[in-house]
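Q: Got a structure here, written out as structure tokens. Questions coming.
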Amino acid sequence: MRIIVLGGPGAGKGTRASLVAEHFGVPHISTGDIFRANLKAGTQLGLEAKKYMEAGQLVPDELTVKLLFDRVAQDDCQGGYILDGFPRTINQAQLLESELVKMGVNIDYVINVEVPDQRIIERMSGRRTCSDCGIPYHIEYAPTAAEGVCDKCGGEVVMRSDDAPETVMGRLTVYHNETSPLIEFYESRGSLKNVNGDVEIEDALSYILKVLE
Ligand code: ADP
Ligand code: ZN
């Protein structure tokens with residue numbers, strides 16, 4: 001099963017991608033998580049990606065595309081994967097399409113998580129993220145059991161620097177200009193499935209599975 005999860009910043013793509021990945025038993029590949037892991041480890045890639053991420057801008061395709069292609073070529077991806085945060089531009093989608101042709105595989109579904117901008121802004125102000133494993137929480141809707149401590153790994157749970165309100169507005173603009181054209185791109189290929197992103201997390205997976213039936 002190969003699925004792309006599309007959606008605005010803070011639409012809950014990451015949470016959904018991880019639920020869907022677990023359901024199908026395939027890896028959850030988030031380019032944002034890969035960049036954050038590199039940033040944390042202080043790699044060259046992390047250093048280069050940092051300035052774009054902190055400004056709420058897209059990391060250039062030269063850094064992003066090869067990284068993703070290397071990842072999907074690994075052994076654990078042979079049975080499929082869930083892509084979260086890639087592609088994010090028409091150029092990335094076209095490059096992915098030709099890479100998949102070369103690999104002899106195709107995307108089964110593109111799940112578009114729909115959330116109005118106003119809800120996104122509300123959600124992001126309460127979003128917190130584990131600085132070790134990257135799991136997202138929300139101070140109201142999905143709090144940690146102990147304040148500031150990740151339920152899963154015990155890591156420190158903090159606000160991502162790019163979740164600051166000023167940066168969120170910029171990320172929404174980038175989303176509308178660069179990423180939302182992908183909705184039409186995948187619609188024209190017949191693989192798009194819209195899901196309402198404004199539902200309780202407990203219900204998120206069943207909504208998605210219903211749409212995929
Ligand atoms: P969100 O979807 O909430 O904005 P992500 O974790 O998906 O968060 O991405 C965080 C940041 O990582 C983005 O704002 C961008 O700077 C960078 N990034 C992630 N994926 C890509 C991509 N496919 N192309 C360019 N930049 C990316
Ligand atoms: Zn954690």
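The values are calculated or read from the model by the stated rules, or taken from the named source; none is laboratory data. Worth saying up front: this structure is predicted, and the values here are computed from it rather than measured. Heads up, the Cβs are rebuilt from the backbone with ideal geometry, glycines too, and the neighbour counts pull from every protein chain shown. Side chains included, ligands, DNA and RNA excluded: accessible areas come from the protein's heavy atoms. Shrake-Rupley method; radii C 1.70, N 1.55, O 1.52, S 1.80 Å.
Q: Determine the pairs where a residue that is of a type in the set (S, T, N, Q), located within segment 56-68, has a partner that is not in a loop (DSSP other than H, G, I, E, B) with Cβ atoms under 7 Å apart, the partner being 6 or more residues away or on another chain.
A: Q57/V174; T64/T31; T64/Q92
Q: Give all pairs with beta carbons closer than 8 Å in which a residue from segment 28-48 that is within 15 Å of D132 (Cα to Cα) and more than 10 Å from ligand 1 (Cβ to nearest atom) meets a residue that is open to solvent by less than 50 Å² (accessible area, probe 1.4 Å) and small (G, A, S); count only pairs at least 6 apart in sequence or on separate chains.
A: Close Cβ pairs satisfying both conditions: A37/G46; A37/G134; N38/G46; N38/A49; K40/G46; K40/S131.
Q: Where in segment 60-147 are there helices (runs of 4 or more DSSP H), lying wholly inside it, with at least 1 residues that are out of contact with any Ser or Thr (no Cβ under 8 Å at 6 or more places or on another chain) and under 24 Å from D163 (Cβ atoms)?
A: Correct list: 61-72, 117-126.
Q: Further question: Name the residues in segment 144-153 that are open to solvent by 50 Å² or more (accessible area, probe 1.4 Å) and either closer than 15 Å to E122 by Cα or within 11 Å of ligand 2 (Cβ to nearest atom) (or both), would you?
A: Result: V149, D151, K152, C153.
Q: Consider R189 carefully, then state whether it is among the basic types (K, R) and surrounded by 14 or more Cβ atoms within 10 Å (Cβ to Cβ).
A: Judged against the criteria, R189 is not a match.
Q: Looking for whichever is buried (at least 20 other Cβ atoms within 10 Å of the Cβ), among the β-branched types (V, I, T) and either modelled with pLDDT under 95 or out of contact with any Ser or Thr (no Cβ under 7 Å at 6 or more places or on another chain) (or both) here; the options are T15, T31. Which one fits?
A: Only one candidate passes the filter, namely T15.
Q: Continuing with this model, one more query. Can you tell me which of (1) of a type in the set (A, V, I, L, M, F, W, C); (2) within 15 Å of ligand 1 (Cβ to nearest atom); (3) part of a loop (DSSP other than H, G, I, E, B) is the one C153 doesn't meet?
A: In the conditions (1) of a type in the set (A, V, I, L, M, F, W, C); (2) within 15 Å of ligand 1 (Cβ to nearest atom); (3) part of a loop (DSSP other than H, G, I, E, B), C153 misses (2) alone.
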